[in-house]
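Colleague: Handing you a structure now.
The values are calculated or read from the model by the stated rules, or taken from the named source; none is laboratory data. It should be emphasised that the depicted structure is a prediction, and the values quoted were computed from it without experimental measurement. Quick reminder, even Gly has a Cβ in these numbers, built from the backbone with ideal geometry, and neighbours come from all protein chains shown. Surface accessibility is based on the protein's heavy atoms, side chains included, excluding ligands, DNA and RNA. Shrake-Rupley method; radii C 1.70, N 1.55, O 1.52, S 1.80 Å.
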Amino acid sequence: MPYADKDAAKSFGARWDPQVKRWYDPRPPTAGLQRWAALAEVSDLLPGEDRSFGSGLFVDMVPSSCWFTNVRTCVSQQDWERLRRMITSRANQRCEICGATEDRSMKRWLEAHERWAYDEHAGVQALRRLICLCSSCHLVTHFGYANVSGRTDEAFTHLRAVTGMTAVDAERHVDAAGQVWIARSARVWSLDLSMLTDAGVTLARPEAAGQRPAAAQRALGEARGATQVSAPESVAGAQAQRTPEPTVTRDVETGQGQPRGSWWQRLTSGR
């Protein structure tokens, strides 16, 4: 059951089982709850999935031409819940990178992240892995969103803590990832989601490849109008973002930081 439907389901008598983290019908079958009847479980290993692909923590930003057309937007809410439940369960309810568990008191959640392979010649962005990340590791992967939402230092600190990078190495890593993002955002990618369709997940197909940049811009315009925000790097944080802020260049000797124009700002401002 999608989280947004929980209050409606509770009104029909649904109850939450904190041990298995699922809603259930205490007096089945309750007619009002049938719309949320559980579908078949998804296999722990999706067809063609490589669970070693993209191991470790690194900045893994989605090209701007692919905003709002990720896996979550390409499947129904029920299918997304099936996938998310499988991902967190097979990871034993732990982040697959740092090992953290969910902690509501610390506002730390377990989230699903997509690992993509990019065929530069064919222009295909292919899903290769779904991975369970804690919210802190997820923030690092979507570093552009961290920048937009004013959480750059938080993401930078977590990146260093998990990887053991020096400040200089971490700065270089983020900048290199930004350059890759600029190059990939300059073209349109076709999505290959056969890993899901071969597992029996039905897709609500996104816009055709040539229409996706315009679709992304429309979605961004709606987000700006609704929340007075600017370009998000990931749909996951679209409702919580602010106007892009400059990244901070850290003085390794003093630990002080000075704002500067970033690759993110240059791209989103059109310069």
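Colleague: Measure off, as a whole percent, the carbon and sulfur share of the 1.4 Å-probe accessible area of region 12-53, all protein chains present.
Modeller: Carbon-and-sulfur percentage of accessible area, whole number: 56.
Colleague: What accessible area per residue comes out for region 2-107, rounded to a whole number of Å², with a 1.4 Å probe? Please list the in-between numbers first.
Modeller: Values: 6120 Å² over 106 residues.
Each residue of region 2-107 exposes 58 Å² on average to a 1.4 Å probe.
Colleague: Determine the per residue accessible area of region 123-180 with all protein chains present and a 1.4 angstrom probe, expressed in square angstrom.
Modeller: On a per-residue basis, 33 Å².
Colleague: If you don't mind, another one. For a Förster distance of 22 Å, can you work out the FRET efficiency between the beta-carbons of GLU120 and CYS98, rounded to the nearest 0.05?
Modeller: Once rounded, the FRET efficiency stands at 0.10.
Colleague: Shifting gears a bit: Near the amide H of VAL75, under 5 Å away, which other amide H atoms are found, from residues 5 or more places off or on another chain, if H is placed in the peptide plane?
Modeller: ALA204
Colleague: Highest first, please rank the peptides 83-95, 138-150 by the mean number of other Cβ atoms sitting within 10 Å of their residues.
Modeller: Result, highest mean Cβ count within 10 Å first: 138-150, 83-95.
Colleague: In nm, to one decimal, how far is the modelled label at ALA40 from the one at TYR24, with both set 7 Å along Cα→Cβ?
Modeller: According to this spin-label approximation, the distance is 2.3 nm.
Colleague: For region 22-37, what does the Karplus curve 6.51 cos²θ - 1.76 cosθ + 1.60, with θ = phi - 60°, yield as ³J(HN,Hα) per residue in whole Hz, taken in order and with x for Gly and Pro?
Modeller: With the stated coefficients, region 22-37 comes to 9, 8, 9, 9, x, 9, x, x, 8, 3, x, 9, 4, 5, 9, 4 Hz.
Colleague: Could you give each residue of region 181-196 its phi-based ³J(HN,Hα) in whole Hz, using Karplus coefficients 6.51, -1.76, 1.60 with θ = phi - 60°, and x for Gly or Pro?
Modeller: 4, 4, 4, 6, 6, 7, 9, 9, 10, 8, 7, 10, 10, 4, 4, 8
Colleague: Can you list the lysines whose alpha carbon sits under 18 Å from that of LYS107, skipping same-chain ones fewer than 8 residues off?
Modeller: LYS21
Colleague: Give me the percent of accessible area attributable to carbon and sulfur for region 58-194, probe 1.4 angstrom.
Modeller: 47 percent
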